[in-house]
Amino acid sequence: MRIAIINGPNLNLLGKREPELYGGMTFEEYFENLKSKYPTIELSYYQSNIEGELIDKIQEIGFSYDGIIVNAAAYTHTSVGIGDAIKAITTPVVEVHISNTFAREPFRHQSYLSPNVKGIIVGFGLQSYELALQSYI
């Protein structure tokens, strides 16, 4: 089983950025722990701060992987293009957010991805990714 995790802008700063909101662990550290915990799943990870690169990655793997876990970060609330890319592929996608976006600013309550994904997990910190991964097992 092949599952990809795709992270959007500023998630490369996890561990440094607002640790009271996002925690003190880098995503790379978390990803290594996740791979160790699920050795029978082929996990890959991609992060970009550039919207078009995220769309390219979704299109590249969206017909051949068993699942995609997407945290588009701020693009969740602004990118019709990422939402359309998810709608265009056949691989099922789970949308995740580390923080509870509904407990934050009102503009974060809108997602252009949600209508096109199989499920949404918000507010469980980095564990949101593992919960999404379990939905494929």
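The values are calculated or read from the model by the stated rules, or taken from the named source; none is laboratory data. Every value quoted in this text rests on a predicted model; they were computed, and no experiment measured them. As a convention, Cβ positions derive from the backbone with ideal geometry for all residues, glycine included, and neighbour counts pool all protein chains shown. Ligands, DNA and RNA are excluded from the accessible area calculation, which covers all protein heavy atoms including side chains. Shrake-Rupley method; radii C 1.70, N 1.55, O 1.52, S 1.80 Å.
Structure notes:
- Solvent accessible area, Å² - PHE124, 1.4 Å probe, full protein context: 120 Å²
- Charged side chains reduced to their Cβ positions (Lys and Arg at +1, Asp and Glu at -1) give segment 1-104 a dipole of some 180 debye around its Cα centre.
- Note on MET1 and ARG17: the extension gain reaches 2.5 nm, defined as 0.36 nm multiplied by sequence separation minus the Cα-Cα distance.
- Over the chain, DSSP H runs of length four or greater, each weighted -39,500 (n - 2.57), average out per residue to a 222 nm ellipticity of -8500 deg cm²/dmol.
- Extending 7 Å from the Cα toward the beta-carbon at both LYS35 and ILE137 defines two label points whose distance is 1.8 nm.
- Accessible area of GLU60 in the full protein assembly, 1.4 Å probe (Å², nearest 10): 120 Å²
- Each Lys or Arg adds one and each Asp or Glu subtracts one; over the other residues with Cβ under 12 Å from the Cβ of VAL117, this totals +1.
- A Förster distance of 22 Å, applied to the separation of the beta-carbon atoms of THR78 and ILE50, puts the FRET efficiency at 0.95.
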